[in-house]
Amino acid sequence: NVSMTADASDADGSVTKVEFYANNAKIAEASAAPWSALAKLAPGKYSLTAVAIDDKGALASSAAVSITVTDVIAVN
């Protein structure tokens with residue numbers, strides 16, 4: 001699981017949700033602060049972004065963050 005968080009605010013209204021994307025595909029959504037979500041991603045390289053949407057429908061996107069998800073092998 002990948003844990004994602006975003007800081008979002010709106011000077012002239014309120015943020016209604018934050019959507020989280022991996023390689024431009026929506027993978028999670030938060031509908032209340034704190035703006036966070038968990039997503040299960042397969043091993044690989046991803047560009048993560050968050051998009052805040054306000055009560056008037058305006059959008060603001062974060063800068064991209066690059067991550068690499070690797071296989072985790074459980075050892076007994």
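Please work out the average accessible area per residue across the chain, using the 1.4 Å probe convention, and give it in Å².
68
With an 8 Å cut-off on Cα pairs and a minimum separation of 6 or more residues, tell me the relative contact order of region 11-76 in percent.
Taking the mean separation of contacting Cα pairs over the length of region 11-76, I get 32 percent.
Would you kindly compute the Cα radius of gyration of the chain and its largest Cα-Cα separation (Dmax), both in Å?
14.1, 54
Mean-square fluctuation check for the chain, GNM, Cα pairs under 10 Å: which of Ala37, Ala60, Ala22 is largest?
Ala60
May I ask you to evaluate 6.51 cos²θ - 1.76 cosθ + 1.60, the Karplus curve with θ = phi - 60°, for each residue of region 37-52 and list the ³J(HN,Hα) values in order in whole Hz, giving x for glycine and proline?
Ordered by residue, 3J(HN,Hα) equals 7, 10, 9, 8, 10, 5, x, x, 9, 9, 10, 9, 9, 10, 10, 8 Hz.
How much of the accessible area of the chain, in percent, comes from carbon and sulfur atoms when a 1.4 Å probe is used?
About 52 percent, which is the carbon plus sulfur part of the accessible surface.
Amide H of Lys17 versus every other amide H placed in the peptide plane: which residues, excluding those fewer than 5 positions away on the same chain, fall under 5 Å?
Under 5 Å from the amide H of Lys17: Ile53.
The values are calculated or read from the model by the stated rules, or taken from the named source; none is laboratory data. In this text, all values refer to a predicted model and were calculated from it rather than measured experimentally. Each accessible area value is taken on the protein alone, full model and side chains, heavy atoms only, with ligands, DNA and RNA left out. Shrake-Rupley method; radii C 1.70, N 1.55, O 1.52, S 1.80 Å.
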